[in-house]
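Inspection log for the structure reproduced underneath, given as structure tokens.
The values are calculated or read from the model by the stated rules, or taken from the named source; none is laboratory data. As the structure is a prediction and not an experimental result, all values here were calculated from the model. In this analysis, Cβ positions are derived from the backbone assuming ideal geometry, glycine residues included, and neighbour counts consider all displayed protein chains.
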Amino acid sequence: MAQLQDKPSIPQHHGATAEPIVELKKVNKSFGDKQVLFDIDLTVRSGEVVVILGPSGSGKSTLCRTINRLEAINSGEIRVGGQLLPEEGKALAQLRAEVGMVFQSFNLFAHKSALENVTLGPIKVRGMSKTQAEEKGMALLRRVGVEDQAHKLPAQLSGGQQQRVAIARALAMDPKVLLFDEPTSALDPEMVNEVLDVMNDLVKAGMTMIVVTHEMGFARHAADRVVFMSDGHIVEENDPDSFFDHPRTERAKDFLSKLL
Ligand code: ADP
Ligand code: MG
């Protein structure tokens, strides 16, 4: 845990003046006639780490997926780096590249090596040369500690290694923000920490991150802010110590009591 105390508390990262990277205003989302997000307002500023907590079905994944338009919204506004999300086409692909996403189930391309998974985006979307992309890809695989697995296929890697490749793949696009949707939930317990270590390194490096997780240790130590969702609403938003020690709503109290 020593490394967590090294997190730089650079004031402009956490002040109200840091550049907003992700802004949601009155976002509503329905699947058919079932509304799953209600008037979501959320601003995440440069360098902030926001952890989203809430019971299963509360809309956490849907919220993440709307931020890079894997899901269209019914009303409201979403801006990334100050720009409204375009509807489709090349502009959407470009803006989506600013939002790195790491999923519970890794979602690596099964027929491509670890290195190819990491170089594909920079080559296709950023127009980087293969040589340059591979150089960068190897550096990223080294950063997440799987350099020696570069030429293996995902199926030849452990879950923890696959998830670290997935993080390297997201980083390869130089995203403005990284979204993590329960990145450790599908892992065997002994592999959870190797992924959390990489995430903690990103926190230390000042990465802007939105993290859905059930790892309460990570939430308490790494988050600048906890956002608690229930039934499609943000019902509480606070610094982690206040949230965990003094939840204000019955729903948050109930959620926390069930974790013990
Ligand atoms: P969480 O990630 O907090 O568990 P989700 O965002 O996955 O919650 O789901 C929120 C609600 O939206 C749930 O009721 C879920 O059943 C519903 N939902 C999610 N995805 C779809 C979909 N593609 N079609 C219909 N309903 C969905
Ligand atoms: Mg989910």
Answer yes or no as to whether K176 is away from ligand 2 (no atom under 16 Å from the Cβ), basic (K, R) and more than 27 Å from T62 (Cβ to Cβ). no
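In segment 108-118, is there at least one residue being surrounded by 21 or more Cβ atoms within 10 Å (Cβ to Cβ), touching a residue at least 24 places away in the same chain (Cβ under 8 Å) and of a type in the set (G, A, S)?
Among the residues of segment 108-118, at least one is surrounded by 21 or more Cβ atoms within 10 Å (Cβ to Cβ), touching a residue at least 24 places away in the same chain (Cβ under 8 Å) and of a type in the set (G, A, S), which makes the answer yes.
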Only listed residue being more than 17 Å from I21 (Cβ to Cβ), part of a helix (DSSP H, G or I) and either of a type in the set (V, I, T) or within 16 Å of ligand 1 (Cβ to nearest atom) (or both), chosen from V192, V203: V192
Name the residue that is farthest from ligand 1 (Cβ to nearest atom), counting only residues in segment 207-255 that are part of a loop (DSSP other than H, G, I, E, B) and surrounded by fewer than 19 Cβ atoms within 10 Å (Cβ to Cβ). H246
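Could you pull out the residue among G127, G145, G159 that is of a type in the set (G, A, S) and modelled with pLDDT under 95?
After applying the criteria, what remains is G127.
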In segment 68-99, which residues are at pLDDT 85 or above, farther than 22 Å from V118 by Cβ and outside any strand (DSSP E or B)? R69, E71, A72, I73, N74, G81, G82
